[in-house]
Amino acid sequence: MRGPSLAAAAAIDGDRLQDRLARFACIGAIPGNGVNRAAFSAEDIRARELLVGYAVARGWDIACDPIGNLFLRRGGLEPQAPAVLTGSHMDSQPRGGRFDGIYGVLAGVEVLEALDAAGIRTRRPIEVVAWSNEEGGRFAPCTMGSMVHAGARSLDEVLDIRDAQGVRLADALSDTLAATRAAAPAVIHRPFGLAPAAYVEAHIEQGPVLETAGCPIGVVTGIQGMQWFEIEVEGESAHAGTAPLSTRRDALREALSMIAALQQLAADPQDVTRFTVGRLRVSPDSPNSVPGHVLFTVDLRHPDADTLARLGDAVEPTCRAQARHCAVRVRRTLADAPVRFAAHVADTVERSARALGLPSLRLPSGATHDALYMASLCPTGMVFVPCERGISHNEAEHADPADLTAGARVLAATLVELAER
Ligand code: HGY
Ligand code: MN
Ligand code: MN
């Protein structure tokens, strides 16, 4: 472990990190200590303006790609060398926690601050990215910014996606890009697909493994696969008091049969398969009208590619088999195979933790992250820190300041090691 790597880790200022986490937690704050910062919302824009302010104050370059992924760049001795990239996302779930995503962005900023403070100039530039729309709660699917940046989907394919209020992604994105340009003196255009030398993302684990093991650092080995579906059931709205049950085309009744059949399909005695119906929209949503239309979502995950593919391919036939008098439309909106991270990046994270006297353990990620798409562009890895009871996507999400600082220190040493490679 090089001297500058340890010096950068030592220059991490945990109080500044805590202070900035608290500032961002005020943007979109909701009762219960949580946040609601939907992608391309006014709250997202305020978060971007605050982040850009840090770069302007430090003289780091600011770049932005056409889907709003925001890059803060600290120059290296070899300006043309591919940068080492870190970062995460600033958007949140509707009832999100104050650490999911934003911790990885601010830990990356803290590394740049530490390098400035320690007067360290790395060979490669180091950049911090804030990915657009990682959560996918407003505009599905999730991890959209990194997905488009890595070329897994084109920008044109997502521009017409609408939120629940009918707002087009293109219009919300346009407002966000305009606000970003207004906040920064000079925003450099960043094309899609620019492959960095490596990508390392710091994130809370969002699961119980590290806390249960009493271990402060997770060396992430990869991310399980996932598939998302939108299923629409079209029946006929009717009068609750007059329409005989025998002739109804009740969209909710049939949707519930489909969901029960899908839960049966996903049943797993080993409790490895993850199956979630997180959204159920009923129309006309009135107590005395028979539902004529239902939309529900499926989030399906598994670490084994073949199992995931088999379950994913069974979703549509399972729904159609439950349809009696209603029409069904099944759309698969996301299909991500499991990824394994680059061995040398995981080894560097592990070596950094050891050099800093921090216990670590290797584990896969149950949650998805932008690192999943970055793994297709460059050697990629993640650093996890524990979160209380593994709770996340919930206002009660909490992480210990000492763990957050330790994770930033491991990130600093890892990034400097990779920037000298
Ligand atoms: O859904 C996920 O796994 C991520 O936390 N957005
Ligand atoms: Mn996240
Ligand atoms: Mn999340």
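Among Gly104, Ala83, Val282, pick out the residue whose Cα is farthest towards the positive end of the charge dipole of the chain, where Lys and Arg carry +1 and Asp and Glu carry -1 on C-beta, about the Cα centre. Going by the charge dipole, the pick is Ala83.
Here Arg248 sits with roughly 50 square angstrom of accessible surface, probe radius 1.4 Å. The angle separating the long axis of helix 305-322 from the principal Cα axis of greatest extent in the chain is about 20 degrees. When each of the peptides 151-157, 175-181, 201-207 is scored by how many other beta carbons lie within 10 Å of its residues on average, the order from highest to lowest is 201-207, 175-181, 151-157. Heavy-atom accessible area, probed at 1.4 angstrom with all protein chains present, ranks Tyr103, Tyr373 as Tyr373, Tyr103, highest first.
For the chain, a simple Cβ point-charge model (Lys and Arg +1, Asp and Glu -1, everything else neutral) yields a dipole of about 300 debye relative to the Cα centre.
Label positions at Ala213 and Thr242, each projected 7 Å from the Cα along the C-beta direction, are separated by 6.5 nm. Applying 0.36 nm per residue to the separation of Ala396 and Ala337 and subtracting their alpha-carbon distance, the gain on full extension is 18.2 nm.
For the pair Arg320 and Arg421 in one chain, pulling the backbone fully straight at 0.36 nm per residue adds 31.0 nm over the alpha carbon distance. Approximating the spin labels as points 7 Å out from Cα along Cα→Cβ, the Asp61-to-Ala305 distance works out to 3.6 nm. The calculated 222 nm mean residue ellipticity attributable to helices in the chain amounts to -11500 deg cm²/dmol, summing -39500 (n - 2.57) over DSSP H runs of n ≥ 4 and dividing by all residues.
Could you state the angle between the C-alpha long axis of helix 401-419 and the longest principal axis of the C-alpha atoms of the chain, as a value from 0 to 90 degrees rounded to the nearest 10? It is inclined by approximately 70 degrees. Take each peptide in 380-391, 79-90, count the other Cβ atoms within 10 Å of every residue, and average; sorted highest first, the result is 380-391, 79-90. Once you reduce the stretch 294-344 and the stretch 8-72 to the center of their Cα atoms, the two points are 34 Å from each other.
Taken about its Cα centre, the stretch 226-336 carries a charge dipole of about 300 debye when Lys and Arg each add +1 at the Cβ and Asp and Glu each add -1 at the Cβ. Stretching the chain fully between Ala195 and Leu77 yields a gain of 40.6 nm (0.36 nm per residue, less the alpha carbon separation).
Spatial offset of the stretch 365-415 relative to the stretch 263-289 amounts to 28 Å, using the alpha carbon center of each.
Measuring nothing but protein heavy atoms, the accessible surface of the stretch 226-336 at 1.4 Å probe radius is 49 percent carbon and sulfur. Spin-label model, Ile188/Ala164: points 7 Å from Cα along the beta carbon direction are separated by 4.0 nm.
Using a probe of 1.4 angstrom and keeping all protein chains present, the accessible surface of the stretch 226-336 works out to 53 square angstrom per residue. Label zone (Arg2, point 7 Å along Cα-to-C-beta; backbone nitrogen cut-off 17 Å) within the stretch 355-388: 355-356. Rounded if a/c is under 1.5, else prolate if a/b beats b/c, else oblate: with a ≥ b ≥ c from the C-alpha gyration tensor eigenvalues square-rooted, which is the chain? Verdict is prolate for the chain.
The values are calculated or read from the model by the stated rules, or taken from the named source; none is laboratory data. Nothing here was measured: the structure is a model prediction, and the numbers come from that model. Note that we place each Cβ from the backbone using ideal geometry, even for glycine, and neighbour counts take in every protein chain shown. Ligands, DNA and RNA are excluded from the accessible area calculation, which covers all protein heavy atoms including side chains. Shrake-Rupley method; radii C 1.70, N 1.55, O 1.52, S 1.80 Å.
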